[in-house]
Amino acid sequence: MHLRDVISKYGILFALIVLILVAGILSPAFLKIQNIINIFWQISYIGIIAIGMTFIMIGGGIDLSVGSFMALMGALAIQTVNALGDTVGSVILSILITIAVGALLGAGSGFLVAKGRIPPFVVTLGAMAIYRSLVLNFANGGVYMSRSTKYSSIGMMRILELPVPMIVFLIYVIIASIILERTKFGRYVYAIGANETAALYSAINVDKIRIATYVIGGISVSISAILISSMMGSVSSSSTGNGFELDAIAAAVIGGTSLSGGKGKIVGTFLGALVLGVINNMLVMLNVAVYLQGLVKGLIIISAVFLQNVRRSE
């Protein structure tokens, strides 16, 4: 294997290693175990959403609604727990309801894309406005945990000194990787993203598979919403989830997922989320203005897409 092929295949891993080394040199505190765990903790919420986004993008779609979607699901989870009471059964039921509603809303977006033949950009842009409007009206400024300490403890819980969101993220990465790369469904997702016409002629139910990717996206958003709302104990109807769509797309694209579909890996998205987390952490440690983080993410997305186009043209 030539050096160029190695760099092309493992470029994201090399980039991550270089970033970690640079961050460790610029700030020795960066390499402390607790800081590394904190990075994993911080990227877990975006990372889980990015996994769902990866399925959607590989299948040839996009979802711009995930930030507003997450705020709505977080508000739903908290309000449901508040209504049902502070019991383990109530918390479990609230989680199941939130995931079910998330899957249903994801299926709705997928149905409009697949059956309605509406471009994913238009459907999810409209959904973004609808979800944010609903949570603003539903939450009336914000939703706060008023009754359940059991639900609030989920997001802050640790198992073997590792935060629960981090553990859920890592398990989700493994499960999603198996589904995407080891199952017939995963092969079909790649097929419709690479060439929808060829997939149709191969007797693949393109509409069904595409809707399923949006269902996975909805479930991913709901899981992230449950984790972040339980950690915060509240949801801001105006600010929760803002910019999450950019971060989720950035993690997927940095990890090698193609915006035109048919290409990508869950492990790549995992590494892409880590790259974003390391950069954000490094900028904070170097006292770089928080408002410039969006600039960095934007440049990274443009660079990643540019490099994908260069490789495709070679």
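Can you name the condition, by its number, that Ile56 falls short on among (1) over 20 Å from Met166 (Cα atoms); (2) surrounded by fewer than 24 Cβ atoms within 10 Å (Cβ to Cβ); (3) at pLDDT 90 or above? Tallying (1) over 20 Å from Met166 (Cα atoms); (2) surrounded by fewer than 24 Cβ atoms within 10 Å (Cβ to Cβ); (3) at pLDDT 90 or above, Ile56 fails exactly one: (2). The single condition among (1) within 22 Å of Ala252 (Cβ to Cβ); (2) in contact with a helix residue (DSSP H, G or I) (Cβ under 7 Å, 6 or more places away or on another chain); (3) assigned to a helix (DSSP H, G or I); (4) in contact (Cβ under 8 Å) with a residue 60 or more places away in the chain that Gly61 does not meet is (3).
Taken as a whole, region 192-207 holds no residue that is closer than 16 Å to Asp63 by Cβ, surrounded by fewer than 22 Cβ atoms within 10 Å (Cβ to Cβ), in contact with a Gly (Cβ under 9 Å, 6 or more places away or on another chain) and not β-branched (Val, Ile, Thr). Scanning region 157-176 for residues that are surrounded by 15 or more Cβ atoms within 10 Å (Cβ to Cβ) and assigned to a strand (DSSP E or B) turns up just one, Pro163. Screening Val135, Val173, Val122 for residues that are out of contact with any Leu (no Cβ under 7 Å at 6 or more places or on another chain) and under 23 Å from Ser229 (Cα atoms) leaves exactly one candidate, Val173. Looking across region 3-50, the residues that are among the polar types (S, T, N, Q) and at pLDDT 75 or above come down to Ser27, Gln34, Asn35, Asn38, Gln42, Ser44.
Any chance region 285-299 includes a residue that's surrounded by 20 or more Cβ atoms within 10 Å (Cβ to Cβ) and either of a type in the set (Gly, Ala, Ser) or at pLDDT 80 or above (or both)? Checking region 285-299: not a single residue is surrounded by 20 or more Cβ atoms within 10 Å (Cβ to Cβ) and either of a type in the set (Gly, Ala, Ser) or at pLDDT 80 or above (or both). Among the residues making up region 239-254, those that are closer than 19 Å to Ile279 by Cα, over 10 Å from the mean Cα position of the chain (by Cα) and surrounded by 24 or more Cβ atoms within 10 Å (Cβ to Cβ) are Val253, Ile254.
So that you can scan it fast, the table gives a plain yes or no per residue for (1) modelled with pLDDT of 85 or more; (2) farther than 26 Å from Ile12 by Cβ:
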| residue | (1), (2) |
| --- | --- |
| Ser230 | yes, yes |
| Gly243 | no, no |
| Gly261 | yes, no |
| Lys265 | yes, no |
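The single residue among Leu271, Leu286, Leu246 that is among the aliphatic types (A, V, I, L, M) and under 29 Å from Ile78 (Cα atoms) turns out to be Leu246.
Under the condition of being in a helix (DSSP H, G or I), among the β-branched types (Val, Ile, Thr) and surrounded by fewer than 20 Cβ atoms within 10 Å (Cβ to Cβ), the residues counted in region 177-191 number 2.
Is it fair to say Tyr214 is under 26 Å from Ile46 (Cα atoms) and surrounded by fewer than 24 Cβ atoms within 10 Å (Cβ to Cβ)? Taking the combined requirement at face value, the residue does not satisfy it. In region 180-194, the condition of being polar (S, T, N, Q) and touching a residue at least 12 places away in the same chain (Cβ under 8 Å) is met by no residue.
So which residues in region 74-122 are over 22 Å from the mean Cα position of the chain (by Cα), surrounded by 14 or more Cβ atoms within 10 Å (Cβ to Cβ) and either at pLDDT 90 or above or aromatic (Phe, Trp, Tyr) (or both)? Within region 74-122, Leu93, Ile118 meet the criteria.
The values are calculated or read from the model by the stated rules, or taken from the named source; none is laboratory data. What you are looking at is a predicted structure, and each value in this text was computed from that prediction instead of being measured. Because the Cβ atoms are built from the backbone with ideal geometry, glycine has one as well, and the counts that use them run over all protein chains shown.
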